[in-house]
Amino acid sequence: MDLALSDEQRQLVESFAGLFERESTTERVRAAESTGFDPKLWAALMESGVLHMAIDEESGGWGASCLDLALVAEQFGRAVASAPLVEAQVAAVLLQACAAQGNDAAATTLASALEGELLVTLAPRPSVANRLGLVPGGSVADAVVALDDDRLILVRLGDNRTPVSNLGSMPLADVEIGPDRVLLAAAPAAGGLFDAAIDIWMTLQATALVGAAARALEITVDYAIQRKAFGVPIGSFQAVSHRLADSATAIDGARLLGYRAACAGVDEPDRASELAAMAFSFAYESARDLTHRGIHFHGGYGFMMEQDIQLFYRRCRGWANVFGDTNTGLDRVANARYGEN
């Protein structure tokens, strides 16, 4: 398996790195914390074609690979950007799959999403008692694609949502599923489509977490070089330097695992679900541990809202926990390898 990036992929990374540098500065992230959503950033992302990337050429998209999407997600993570990018892309992939099976509602909704008329998100958690919990982007989106029992449905969002306050400053909402739900796919196809979508979501979320962790490491290293104790930089102390080295190694490993998961649909289709869950779990653990260390290595400053490191600390936990803790991902690994008990 060759995980080296092509010239086109390097250009893709540079292009989106520049976009997020312009449109998602930490000042902009802070300004959007009350809602967790930056409309100007979302407009710039739509203009760049982030949804068209996720759709094949036959459906009017660009036909980007999952690895291409993962590279964009990594740059998104470095900026801890205020937009439901990953969920919108995966929702578009699901809508395309349902449209390909002849569902007119899915085709119409996808067309509206690609035109920027609708923001459609994904609920990673299936419904429980006609309720969707912690829907990412749910407080700002126009509709959500979700698994309801054994059906894949589209739920329009309005008065049926309740925004959820959260330390990650994400646009989360709980959603009540009313009778006006739109059927996108029925059993048994619905379950398979949703599982495949979750594999993509976990893969992209893993690389977003890698991007966030990598940037948090840079911030922490810069601080450890500048901050002095007993007349020397704190980074010269083994208690600091060794742990940062451990984190750097873990982040590199998480990146490679994320890229492998992104390529698995083509190279290792029988392990795609397993690798996606592995990438998600390891990336979350790596990002969680690094940002925790970063907070503490900043000392008292790390707990101040003015410091950038706390943005990464909070956002990494928020992104992962809309699906579940690390054990939730590891359970999915076990199920993919050994079958559900």
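Run the dipole for the chain about the Cα centre, Lys and Arg Cβ at +1, Asp and Glu Cβ at -1, nothing else charged, and hand back the magnitude in debye, nearest 20. Its charge dipole is roughly 1320 debye.
If I stretch the segment between VAL128 and GLU176 completely, what's the gain in nm (0.36 nm per residue apart, minus their alpha carbon distance), one decimal? List each step's numbers first, then the result.
Numbers: separation 48, 0.36 × 48 = 17.28 nm, distance 0.99 nm.
Length gained, VAL128 through GLU176: 16.3 nm.
In the complete set of protein chains, residue-level accessible area for HIS242 is approximately 100 Å², probe 1.4 angstrom. Taking the Kirkwood radius as Rh and the Cα radius of gyration as Rg, the chain has a ratio of Rg/Rh equal to 0.97.
For the chain, calculate the relative contact order in percent as a whole number, restricting contacts to Cα pairs under 8 Å that are 6 or more residues apart. Don't jump to the answer; show the numbers that get you there.
Details: 591 pairs, mean separation 55.2, N = 341.
RCO, the chain: 16 percent.
Taking packing as the residue-averaged number of other Cβ atoms within 10 angstrom, the listed peptides 104-112, 118-126, 21-29 run from highest to lowest as 118-126, 104-112, 21-29. Put simply, the amide H of LEU134, placed in the peptide plane, has neighbours under 5 Å in ALA173, ASP174, VAL175, leaving out anything fewer than 5 places away on its chain.
3J(HN,Hα) along region 261-271, derived from phi through the Karplus expression 6.51 cos²θ - 1.76 cosθ + 1.60 where θ = phi - 60°, amounts to 4, 5, 8, 5, x, 9, 8, 9, x, 6, 10 Hz, with x in place of Gly and Pro. In terms of overall dimensions, the C-alpha atoms belonging to region 1-75 reach 41, 28, 17 Å along their principal axes, ordered largest to smallest. The Cα center of region 7-29 and the Cα center of region 67-143 differ in position by 21 Å. Taking Cα atoms only, the orientation of helix 272-297 departs from the longest principal axis of the chain by about 30 degrees. Across the options ALA262, HIS296, SER273, the greatest Cα extent toward the positive end of the charge dipole of region 243-325 (unit charges at beta carbon of Lys, Arg, Asp, Glu) belongs to HIS296.
Given a cut-off of 15 Å, what percent of all Cα-Cα pairs of region 244-293 lie beyond it? So the portion of pairs separated by more than 15 Å is 43 percent. Under a Gaussian network description of the chain, with springs only between Cα atoms under 10 Å, the residue in THR207, THR328, THR291 that fluctuates furthest is THR328. For the options VAL175, VAL210, VAL240, a Gaussian network treatment of the chain with springs between C-alpha atoms closer than 10 Å singles out VAL240 as fluctuating the most.
Compute the semi-axes of the equivalent ellipsoid of region 170-285, taking the square root of 5 times each eigenvalue of the Cα gyration tensor, and list them largest first in whole Å. Could you put the intermediate results ahead of the total?
Numbers: eigenvalues 325, 73, 14 Å².
With the √(5λ) rule applied to region 170-285, the semi-axes are 40, 19, 8 Å.
Pairwise inverse Cα distances across region 216-341, averaged and inverted, put the Kirkwood hydrodynamic radius at 16.0 Å. About its Cα centre, the dipole of region 136-205 is roughly 140 debye, where the only charges are +1 on Lys and Arg Cβ and -1 on Asp and Glu Cβ. From largest to smallest, the equivalent ellipsoid semi-axes obtained for region 106-196 from the alpha-carbon gyration tensor read 20, 16, 12 Å.
Once C-alpha pairs closer than 8 Å and six or more residues apart are averaged by separation and normalised to the residue number of region 189-306, the relative contact order reads 39 percent. Relative to the longest principal axis of the Cα atoms of the chain, the long axis of helix 39-48 lies at roughly 70 degrees.
Roughly how many Å is it from the Cα centre of region 296-341 to that of region 147-184, as a whole number? Distance between centres, Cα-based: 23 Å. Between GLY133, VAL155, PRO171, the Cα set farthest toward the positive side of the dipole of region 132-172 (charges on each charged residue's Cβ, about the Cα centre) is that of PRO171.
Amide H to amide H distances under 5 Å link LEU184 with LEU152, ILE153, LEU154, where only residues 5 or more positions off or on other chains count and H is placed in the peptide plane.
The values are calculated or read from the model by the stated rules, or taken from the named source; none is laboratory data. What you see is a predicted model, and the numbers here were worked out from it, not measured in a lab. Methodologically, a virtual Cβ is constructed for each residue, glycine included, from the backbone with ideal geometry; neighbour enumeration extends over all protein chains shown. Calculation scope for accessible area: heavy atoms of the full protein, side chains included, ligands and nucleic acids excluded. Shrake-Rupley method; radii C 1.70, N 1.55, O 1.52, S 1.80 Å.
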